[in-house]
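The values are calculated or read from the model by the stated rules, or taken from the named source; none is laboratory data. Quick caveat, the model's predicted, so the values are computed rather than measured. Cβ sites come from the backbone with ideal geometry, for glycine too, and all protein chains shown count toward neighbours. Surface accessibility is based on the protein's heavy atoms, side chains included, excluding ligands, DNA and RNA. Shrake-Rupley method; radii C 1.70, N 1.55, O 1.52, S 1.80 Å.
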Amino acid sequence: MNGLKIKAELTISLLICMLLSTLSVIAQERTISGRVSDTRGEPIIGANVMITGTSTGAATNIDGYYTLSVPASATSLHVSYIGMKDIEVPISGNIVNIVMEEDVSSLDEVVVIGYGTQRRRDLTGSVASVGGDAIAAVPVASAAEAITGKMAGVQVLTTEGSPDAEMRIRVRGGGSITQSNDPLYIVDGFPVTTISDIPPTDIESIDVLKDASSTAIYGSRGANGVVIITTKSGQSGKVRLSYNAYYGVRKISNTLDVLSPYDYVNWQYELAALKGGDAIKNYNSFYGNFQDMDLYRNIPFNDWQDLTFGRTGNSMSHSISLNGGSDKMTYAFNFSHLSNKAIMEDSDYKRNSISLKLNNKATDRITLDFSVRYSDTKINGGGAQDVSSTLDSDKRLKYSVIYTPIPLKNLDATAGSADDDLGN
């Protein structure tokens, strides 16, 4: 009997301990609820209510209400929603109501539209914008390169591999088969044919009109979109002198695997054996007897990819700007030098640009603006393929991988052509 009594007492003790542990766990957490609304009292649907410093949270329902279990150590909630300012509120009880304010900072930006400006909050058309600070921070040669990947719905492509290759901008894709799909470029209110000669450090902002409403201002020329560039103007106040420079190194990241001299000669023999007859004689005249093929092992050869694209290129840019003026007149002067040494041999690009803008407020109603820009460009070499030429020798990228790795005798102008299986 004493043994049964002891077991019963142990069982009761264990049950009491388990109950106390459960009550302790329950006491460590509590459930809070509330409503998330804006300043007008409207519910915010899908707002994220998180316990500060953790990944635990809940989303508000269609009426703006939430329910969340929080530990006893939690002291505040972090609430976020797109278009609203993030807010952190203390947990003061089991019911925590939250009021969020609109984030109007981005809505107050001034956007260039046609021949004027307008606040983004009042704009109904589709416009993408990039500020001058974001453009100048990217070490690139042209404004088109600087906006690559920064605007939704705007594609920037390189047309060729030459140092001065034009950047092709597509705002709404290709809408024409026979005509140009390039957008209309407007620089400081004037249409231009290219923006490749404008240094990125001289740009105040780039606005792209993407929808069809741009045709109401520019007519049919704006059918492919409009790229509006505003260059930096003078500001009244003390004279400000700024200097911007960068230096970069470039190297080809990867090359194609090509045949060694022994494998190449062996491949040529297999081709000649398939054709037979004169093909075998041609093979012997170029590569010797098949029995002597081992002579092509471990011999020096031409790595055409390295000889063509193997050098280390670099880019160097210097930009000096002078800005200042008074209430009546402001000025902005900019000098920019760009030196671009490409990875392809005998290929480089240099550009010197000077710009000057004067703004004179003659009277309260009359303002005189003067702007001049000069650009001097020097280009050496070409791209991977010269599309303006019909010569096979201009297709450098193609022939850097199909030229023979060893010198051959009796070479003529047809050597290395696309139908030259025997290297002749």
Residue by residue through the range 231-248, the couplings from Karplus 6.51 cos²θ - 1.76 cosθ + 1.60 with θ = phi - 60°, in Hz, x for Gly and Pro, are 7, 5, 10, x, 10, 5, x, 5, 5, 10, 10, 10, 9, 10, 8, 8, 9, x
Count neighbours as other Cβ atoms within 10 Å of each site's Cβ, and list the trypsin sites (Lys or Arg not before Pro) in the range 241-318 that are DSSP loop with at most 14 such neighbours.
K251, R297
Taking a probe of 1.4 angstrom, what is the accessible area of H318 in Å², to the nearest 10?
60
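Just to confirm, what accessible area per residue do you get for the range 267-373 at 1.4 Å probe, in whole Å²?
For the range 267-373, the solvent-accessible area averages 60 Å² per residue.
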Obtain the nm distance between the two label points defined at Q235 and D327 by a simple spin-label model: each point lies 7 Å from its Cα along the Cα-to-C-beta direction.
1.9
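Any chance you could run the full-extension gain for F290 through T75? It's 0.36 nm times the residue separation minus the Cα-Cα distance, nm to one decimal. Can you show the working numbers first?
Values: separation 215, 0.36 × 215 = 77.40 nm, distance 8.51 nm.
Additional length available on full extension: 68.9 nm.
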Roughly speaking, what is the stretch gain from I95 to A134, that is 0.36 nm per residue apart minus the C-alpha to C-alpha distance, in nm to one decimal?
9.7 nm
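Work out how much length T178 to N48 would gain on full extension: take 0.36 nm times their residue separation and subtract the Cα-Cα distance, in nm to one decimal.
41.7 nm
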What does the net charge come to around I198 if you take all other residues with beta carbon closer than 12 Å to its beta carbon, with K and R at +1 and D and E at -1?
-2
Quick one: of K85/K357; K232/K350; K281/K398; K150/K361; K150/K232, which pairs are farther than 30 Å apart, Cα to Cα?
K85/K357; K150/K361
If I take R0 = 56 Å and measure r between the Cβ atoms of T39 and I320 in this structure, what FRET efficiency does the formula 1/(1 + (r/R0)^6) give, to the nearest 0.05?
0.70
Measure off, as a whole percent, the carbon and sulfur share of the 1.4 Å-probe accessible area of the range 189-340, all protein chains present.
56
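Starting from the Cα gyration tensor of the range 194-237, take the square roots of the eigenvalues, sort them a ≥ b ≥ c, and report rounded, prolate or oblate (rounded when a/c is under 1.5, otherwise prolate if a/b is larger than b/c, else oblate).
Here the range 194-237 falls in the prolate category.
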